[in-house]
Amino acid sequence: MEFRAKVNDELKALEDEAGSSIFIGRSKQIHDKYGRDGALLLGFLAEEDNYGKYVYLDAIAPHVVFVVGARGSGKSYTLGVIAEELVNKNPNVASIIIDPIGIYWSMKYPNQDEAEVDALIRLGLMPKGVEHVKVFVPYGVRNKLPKGTYDSTFAIRPADLTVDDWCLTFDIDRFSPTGLLLEKVLTKVREGYTTIDGKRIQPKQEIFNIDDIINCLSKDEELSSAKKGFKADSRRALMSRFEAAKSWGIFTDEGTPLIDLAREGEVSVIDVSFLEENVSSLVIGILARKILQARKLAARKVSMKKFTDLEELEADIPPVWLFIDEAHTLIPSGGKKTPATDPLTEYVKQGRRPGCSLVFATQQPGAIDTHVLSQLDILLCHKLVFDDDVKAVMKRIPTQVPQEYKNPRFIKTIPIGHCLVGDRSDTTSRAFLLKVRPRFSQHEGRETRSVDTEEAMSEEQVLETLVKMVKKYISDRRRIHESTLKQIVSTVNKRYKTKIDAATVVSRLLEDGYVSENGYIALERESEVRDEEEKEKPEKLDKIIAFKPVVDESLARDLVNSIRKKKFLGLIGKEEQIVGEEVEYWPIYKVSYKMYKGGGYKPGVCYVDGISGELLFMSKGKLARTKGLSMFAKLGKNQRRVIIALKKGKKASAKALAAAIGVTDTTARTAAEELVEQGLVKYDKSGKTRYYYLATDFHLPVSIDTLPFTGIENYLILQELTEGKVRKPSMERSYAEDIPAIYGEVKIDDLSVIYYPVFKFTLAMDGKKREVFVNGLTGEIAQA
């Protein structure tokens, strides 16, 4: 039974028009402008009065989100949910996850927890890996790890560290003799020095390594001088620390460029689980400092575009959401400092304007630096055990807390996967209880039981799991395309290091009664076998609404006669004969909706063919349809924008596409290249520039309002039928409901089904039969 909290205080929050969803961290002004764009689905309300309302977190504006909870309560899981949503809902930002326990690499794989997969399906969602995840591990450990668990390495330049960074990392008093020696040696390496034997070492400026520092300590004339230098013991002790630093595996001369870590629409997982805490703090501090500096510069450049058209003013990195788990080790309370403390404090204090967001989690809310806590605007509190931690949360929660939630016992008994939400924004009246949605991707943060032994899955077990996954997919969607099945098999092979062929999975499915038809694997009851049964016994209908035929049956027969196989010159060979003809009724979804435009919602209606998935509309008194919509609907938001932009012109570079669709060059190029991989777009090359153009002929409206839908029922005559053969839709109802949402924020009011007549002719020759369909409204050959 689902847990439902009982609260007397009414919850007032920013809602959508239907009242089915609430939005936190968002102003009404932003919501009126963007609607559901940039809104992250966290889960749903778990309170008696509003149970089941979806809860969305704003991702348009920068935020500081604090996630707390005892071990195993779900805080790391919640970080993963936010990251999943962000990459799907706001591809214009970069996500960087600092992973101190090595669990987020699994985001690229679909969720395999059976209970969570079932919960996803009940919500109308499906498990899927996050496509754009890149896992970085320290440069020095790259050869010790399985290749499938990381994608690239990261390193930092010694030149990026300040004297304070080194002192905090080495636990050296900044103004002790060793601290002063450290400052001096770094200056000498940058500016050059003279060795004991009189040799001049040239300035290294900002490109140097640890060995350069060690050499300076051991060979510099001034540092070694008995009068002006430092004691040999001090120099040897510092050299010893730098020798140890070489073993950390994080330093290279060039380091990893920030632009490689902060990419639009991608998640970069920085796995620091192989590093000591002080070294991890060093890495995170430098990263936070560099992000803030880069975003300050980027924000300045964007502002300058108001005054100049110079192309070089393109921002280097996008706005960044930085995720940090186990944050109490980095920004501790009580005046303690790590190499990450000052950079993270500045990040949250100065990051709002340049677009820097922080999501940080901890088991110990009372152990976090108050300078950071003072900046939070969203707090998500999972179950806590200790009184001090409960008090720390209640002290920092940025909103009113109902009396029912103030009782420490409540926080200590919050069910796993639930959390108390505090929202600083004026649109949310009080704290409320949230049930976090299931993860799309695999979560590796679950406890490992020491009494269990890990058993590797055999290839046969993996195969059985694959077959089960595909069956679940087909059960939910009626069928699966062979390309999708191959992608699922490939993902599982990478996860379990197996070499299962997709054909083997198909073979198992066929053995279990599934059928392969037209590139799809489908359930037997919805395949040709079922169709054959329906031919023998017409389905009796209670009542349907259908259009009357516009085309005479004799004209349809004449069309079929013109295309059937005939004798050569009317004399030689065999010819097909029409051996059967009847009328079927095929479905059209009529979708009534309201679309947000100009400060309010305006009513609209569209008609979606339930077989082809195309939009139907009237053109010059006849029924017409779009082309390529079913393919277009499956694309991502930026990919669709590129298609529409290319429809307006013949060819365009990434730069031109970026200007046309209002994104950066990188985002436009990525979307275009993804379309190239799918075969929908091609390109010509001129020098280093690619010019993209459509490879598929799309006939689609730029706006759904431009199609004359309302005329359909005025031109065509409706009738009621109580018997006849009805063809089942190939497209789900949810597909039809999603079509208007391609063109803007919508609220679906109603969905009904109207049918249209199709003449079915059966042709036979040499004992072989085939079926030909003629659309009774247009007189054209139709495809089932």
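The values are calculated or read from the model by the stated rules, or taken from the named source; none is laboratory data. The structure presented is a predicted model; accordingly, all values stated were derived computationally and were not measured. Backbone-built Cβ (ideal geometry, glycine too); neighbour counts: all protein chains shown. Ligands, DNA and RNA are stripped out before the accessible areas are found, and what is left, the full protein with its side chains, is counted by its heavy atoms. Shrake-Rupley method; radii C 1.70, N 1.55, O 1.52, S 1.80 Å.
In square angstrom, what is the accessible area per residue of the chain with a 1.4 angstrom probe?
Averaged over the residues of the chain, the accessible area is 49 Å².
Within the set of other residues whose C-beta is less than 15 Å from the C-beta of Glu221, count the net charge using Lys and Arg as +1 and Asp and Glu as -1.
Neighbourhood net charge equals +4.
Normalising by the residue count of the chain, find the relative contact order in percent from Cα pairs under 8 Å and 6+ residues apart.
That works out to 14 percent.
Which pairs, out of Lys188/Lys228; Lys412/Lys435; Lys574/Lys769; Lys33/Lys597; Lys620/Lys651; Lys590/Lys647, put more than 19 Å between their alpha-carbon atoms?
Those over the limit are Lys620/Lys651; Lys590/Lys647.
Determine how large the accessible area of Trp248 is when every protein chain is in place; take a 1.4 Å probe and give Å² rounded to the nearest 10.
Near enough 50 Å² of accessible area.
Quote to one decimal, in nm, the extra length available between Lys565 and Ser752 on full extension: 0.36 nm per residue of separation minus the C-alpha distance between them.
Additional length available on full extension: 63.4 nm.
Give me the one-decimal nm value for the distance between modelled label points at Gln112 and Ser490, 7 Å along each residue's Cα-to-Cβ direction.
1.9
Cut-off 17 Å, label point 7 angstrom out along Cα-to-Cβ of Ser592: give me the residues of region 754-776 whose amide nitrogen falls inside.
754-755
Rounding to the nearest 10 and keeping the result within 0 to 90°, find how far the Cα-based axis of helix 177-191 lies from the longest principal axis of the chain.
Taking the Cα atoms of the chain, the angle to 177-191 is about 60 degrees.
About the Cα centre of region 608-736, what is the dipole size in debye to 20, counting +1 per Lys and Arg Cβ and -1 per Asp and Glu Cβ, all else neutral?
Here region 608-736 has a charge dipole of around 600 debye.
Using a 1.4 Å probe over the heavy atoms of the protein chains, calculate the carbon and sulfur portion of the accessible area of region 712-783 as a whole percent.
On region 712-783, the fraction of accessible area on carbon and sulfur atoms equals 44 percent.
Given the convex hull of the Cα atoms of the chain, what is a quarter of its surface area in nm²?
So the mean shadow area of the Cα hull is 44.2 nm².
Quick one: pull the percent of accessible area on region 85-183 belonging to carbon and sulfur, 1.4 Å probe, ligands and nucleic acids left out.
That share works out to 50 percent.
Report the net charge of residues surrounding Asp9, where surrounding means a beta-carbon distance below 9 angstrom and charges are Lys +1, Arg +1, Asp -1, Glu -1.
Spelling it out: positives minus negatives among the neighbours equals -1.
Which FRET efficiency, nearest 0.05, do Lys548 and Ser703 yield, Cβ-Cβ r, R0 25 Å?
The computed FRET efficiency comes out at 0.20.
Taking 0.36 nm per residue of sequence separation and subtracting the Cα-Cα distance, how much length would be gained by fully extending the chain between Lys231 and Ser686, in nm to one decimal?
Stretched fully, the Lys231-Ser686 segment lengthens by 157.5 nm.
In square angstrom, rounded to the nearest 10, how much accessible surface does Arg4 have for a 1.4 Å probe?
In the full protein context, Arg4 sits at about 100 Å².
What do you get for the angle between helix 277-304 and the principal long axis of the chain? Use alpha-carbon atoms, 0 to 90 degrees, nearest ten.
Rounded to the nearest ten degrees, it is 60.
Given labels modelled 7 Å from the Cα in the Cβ direction, how far is it in nm from Asp501 to Val676?
Taking the two extended label points, one gets 3.2 nm.
For the Cα atoms of the chain, what angle does the longest principal axis make with the long axis of helix 75-89, in degrees from 0 to 90, nearest 10?
Helix 75-89 sits roughly 60 degrees off the main axis of the chain.
Taking Lys622 as the anchor, which aspartates and glutamates have their alpha carbon closer than 16 Å to its alpha carbon, excluding any fewer than eight residues away along the same chain?
Excluding near neighbours in sequence, the set is Asp552, Asp609, Glu614, Glu713, Glu780.
Please state the charge dipole magnitude for the chain, taken about the Cα centre, from unit charges on C-beta atoms (+1 on K and R, -1 on D and E), reported in debye and rounded to the nearest 20.
Using only the charged Cβ atoms, the result is roughly 1820 debye.
Report the full-extension gain for the segment Asp197 to Ser458: residue separation times 0.36 nm, less the Cα-Cα distance, to one decimal in nm.
87.4 nm
In cubic angstrom, how much convex hull volume per residue do the alpha carbon atoms of region 14-110 span?
Spelled out: Cα convex hull of region 14-110, divided by residues, is 131 Å³.
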